[in-house]
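Heads up: the structure comes next, in structure tokens.
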């Protein structure tokens with residue numbers, strides 16, 4: 001860690017308070033889960049005050065597990081998987097599972113807001129220390145041994161106040177960008193809805209058909225010169241992908257499940273199979289094939305359709321994707337991916353999604369039954385051209401917004417780095433140096449956690465009446 005200002009000290013996170021992890025009561029005992037004590041999982045951590053939890057455990061569940069009751073103001077950090085480094089601050093008494101490291105800050109040494117923001121600034125460092133493959137993790141020991149620059153307590157509070165001021169302005173800008181993103185998403189969906197109901201080409205059609213009435217935007221009707229048939233009637237084949245576990249770093253490319261999103265196939269999102277390509281005859285994809293997601297943990301991604309773009313070489317697809325090939329020249333593959341993204345076709349798919357063991361899925365049989373609106377081929381070309389023109393503008397604006405969001409995040413990180421180098425607020429020579437504070441604390445209480453390292457926290461905090469969760473005191477950074 002770089003040189004620090006006078007009056008600061010480099011300590012370890014373990015010295016900042018009482019640390020511990022939580023636990024998970026056995027789900028085989030029906031008396032362990034239910035209304036009682038809020039129970040926090042890493043997915044509940046919002047990088048800010050924790051206002052609610054998905055689950056609660058009973059007093060029996062608390063006593064029958066390694067979960068611990070934690071007071072308001074406890075700072076929690078995720079240790080496992082994709083959520084490593086996610087943070088939260090309790091605004092009500094709660095427990096956590098073992099995927100969270102929890103610290104009850106020592107208010108005599110560290111400001112809670114200062115500790116929270118420092119942990120936030122170190123997220124990338126913790127992620128880099130993650131062990132494992134698909135589900136990396138860090139230990140509580142790694143976190144507790146991590147260094148932290150500690151200014152005098154008064155300066156910590158000035159830093160936190162300045163961070164709140166700067167981040168308030170930054171957050172307002174980010175929220176404006178998010179609102180713009182949501183408006184673009186709604187506009188994009190309205191364009192697709194207009195495309196599959198004929199509204200997008202109303203004027204084009206009226207010039208050519210002398211006033212045939214199109215369906216209205218948002219209706220399930222289509223213009224009178226369109227057809228609507230089950231998807232089965234226009235396909236040559238429909239087949240699930242190959243069930244094999246990719247293990248190689250090179251070899252035959254196979255798409256990941258995540259490579260397919262509505263109207264987009266990411267050809268770079270692949271893994272590799274070491275077996276010879278001849279072992280996978282019949283499971284290759286070609287340009288203009290249609291791919292559907294068969295299973296996904298997120299229902300909105302199930303049954304989405306995308307046309308494979310032009311590419312070279314051999315490319316396979318996994319069993320959680322479905323490949324369709326058309327058997328008629330009267331339907332363009334690019335039109336099919338549009339039709340499956342909006343209107344009555346998407347509504348049909350959404351109603352037939354089933355969830356099993358946390359995975360949402362749809363069958364090939366249901367895909368075959370999906371109603372497909374079919375305009376004349378000439379109109380399909382006209383719709384696709386108009387969509388391409390308008391969606392290109394949407395994508396350009398989205399790219400600009402994403403670039404602005406990345407700049408905002410870099411600015412946030414730059415502000416945090418300046419704060420913990422002592423460059424955000426001026427030092428005050430009247431502030432008590434940290435070493436003097438530590439000596440004073442040791443003299444006052446030689447056995448206090450502020451004056452010795454890596455103390456193990458008690459199993460439970462002193463029992464206090466559990467306040468209603470939604471009425472808990474709001475977290476304040478200087479409390």
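Just so it is clear, none of the values below were taken in a lab; they were calculated from the coordinates. Since this is a predicted model, take the numbers as computed values, not measurements. When we count neighbours, we look across all protein chains shown, and the Cβ atoms used for this are built from the backbone with ideal geometry, even at glycine.
The table that follows gives values for the structure above.
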{"quantity": "Rg/Rh (Cα only; Kirkwood hydrodynamic radius) as it applies to the range 22-168", "calculated": "1.00"}
{"quantity": "Contour excess over end-to-end distance, with Cα ends at residue 249 and residue 435 and 0.36 nm allotted per residue", "calculated": "61.8 nm"}
{"quantity": "Computed over the range 227-374, Cα set: Rg, Dmax in Å", "calculated": "14.8, 47"}
{"quantity": "Cα-based helix-to-principal-axis angle, 434-444 vs the chain, degrees rounded to 10", "calculated": "60"}
{"quantity": "Euclidean distance of C-alpha centroids, the range 222-260 and the range 332-378, integer Å", "calculated": "12"}
{"quantity": "Tilt relative to the chain, helix 377-419 - C-alpha long axis, 0 to 90 degrees, to 10", "calculated": "10"}
{"quantity": "Difference of contour (0.36 nm per residue) and Cα-Cα distance, residue 269 to residue 363", "calculated": "31.5 nm"}
{"quantity": "Descending Cα extents along the principal axes, the range 97-207, whole Å", "calculated": "77, 39, 23"}
{"quantity": "In Å, descending, principal axis extents of the Cα set of the chain", "calculated": "92, 48, 48"}
{"quantity": "DSSP bridge orientation in the range 28-126 - percent antiparallel, rounded to nearest 5", "calculated": "70"}
{"quantity": "Distance from the range 1-44 to the range 51-88 (C-alpha centre basis), Å", "calculated": "7"}
{"quantity": "Which of 397, 77, 263 has the fewest Cβ neighbours within 10 Å, and the rest in rising order", "calculated": "397, 263, 77"}
{"quantity": "The chain - mean residue ellipticity at 222 nm from DSSP helices (-39,500 (n - 2.57) per run, n ≥ 4, rounded to 500)", "calculated": "-10500 deg cm²/dmol"}
{"quantity": "Tensor-based shape of the range 245-326 (alpha-carbon gyration tensor, a/c under 1.5 rounded, otherwise prolate or oblate)", "calculated": "prolate"}
{"quantity": "Cα-based helix-to-principal-axis angle, 153-197 vs the chain, degrees rounded to 10", "calculated": "10"}
{"quantity": "Two-site label geometry, residue 182 and residue 26: point separation in nm, points 7 Å out along Cα→Cβ", "calculated": "4.5"}
{"quantity": "Sorted largest first, extent of the range 42-128 alpha carbons per principal axis (Å)", "calculated": "37, 33, 21"}
